[in-house]
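The values are calculated or read from the model by the stated rules, or taken from the named source; none is laboratory data. All values derive from a computational prediction rather than experimental measurement. Neighbour counts are summed over all protein chains in view; Cβ atoms, including those assigned to glycine, are modelled from backbone coordinates with ideal geometry. The protein model used for the area step is the full one, side chains on, heavy atoms only, and it has no ligands, DNA or RNA in it. Shrake-Rupley method; radii C 1.70, N 1.55, O 1.52, S 1.80 Å.
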Amino acid sequence: MATTLLSLTVTGPTIAAATDGMLGDKGITALRACRAQHDEALRLACYDAAVERYLSFDFAGTGRESTPEFESPTGFRLGFRNEDVIFVIYVFDADTGELAKSYSAGPGEGEVAVRQGGRFYVEVKATGAWKIWIRPLPADGGATQTNQGKQ
């Protein structure tokens with residue numbers, strides 16, 4: 001399979017909103033259907049769509065919260081939407097506890113890339129409601145920062 005996979009380990013901190021998509025039976029069924037595709041381009045497109053739907057995670061909260069731990073072998077995109085003035089994202093290495101990336105922004109939406117593999121969790125500190133989503137990096141590693149925040 002030519003896509004990057006994320007996996008969720010629920011041994012870390014919890015969060016108010018549960019994940020949008022752990023693999024589960026539907027994800028396994030979708031991957032088996034992809035494997036049955038005979039055309040290579042259709043098979044790859046099918047796998048890419050399955051990864052986006054079943055192996056990506058959405059979290060929402062208010063104030064300060066942390067995600068469960070997850071694994072990304074080659075990195076991920078972290079998108080966000082924030083409704084208030086203060087919004088800071090901290091991406092931590094789950095094995096060492098070291099800060100892997102931080103980002104701050106005001107109200108609005110954006111996306112940052114974490115271009116290293118490993119096990120991670122994300123801590124959000126905000127003064128209002130927020131939403132973050134974690135997606136695999138595209139094959140070209142092409143996530144860019146799209147907000148006026150600070151790293």
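Miscellaneous remarks
- Residue within the stretch 116-130 that is of a type in the set (V, I, T), part of a strand (DSSP E or B) and at pLDDT 85 or above present: yes
- Filter pass, R43 being in contact with a helix residue (DSSP H, G or I) (Cβ under 7 Å, 6 or more places away or on another chain) and at pLDDT below 95: yes
- Residue pairs whose Cβ atoms lie under 6 Å apart, separated by 6 or more positions or on different chains, with the first residue in the stretch 92-107 and more than 18 Å from R64 (Cβ to Cβ) and the second open to solvent by less than 30 Å² (accessible area, probe 1.4 Å) and among the β-branched types (V, I, T), are A100/V91.
- Meets criteria (at pLDDT below 90, surrounded by fewer than 14 Cβ atoms within 10 Å (Cβ to Cβ) and of a type outside the set (A, V, I, L, M, F, W, C)) for G97: no
- Which listed residue is modelled with pLDDT under 90 and open to solvent by 40 Å² or more (accessible area, probe 1.4 Å), from R53, R64: R53
- Tally of residues being part of a loop (DSSP other than H, G, I, E, B), in contact with a helix residue (DSSP H, G or I) (Cβ under 8 Å, 6 or more places away or on another chain), open to solvent by less than 80 Å² (accessible area, probe 1.4 Å) and at pLDDT below 80 across the stretch 7-40: 2
- In the stretch 111-122, the residues that are closer than 14 Å to A94 by Cα and open to solvent by 10 Å² or more (accessible area, probe 1.4 Å) reach residues that are aromatic (F, W, Y) and modelled with pLDDT of 95 or more with C-beta atoms within less than 7 angstrom, at least six apart or across chains, in these pairs: Y121/F92.
- Scanning the stretch 70-87 for residues that are open to solvent by 30 Å² or more (accessible area, probe 1.4 Å) and over 15 Å from the mean Cα position of the chain (by Cα) gives E83, D84, V85, I86.
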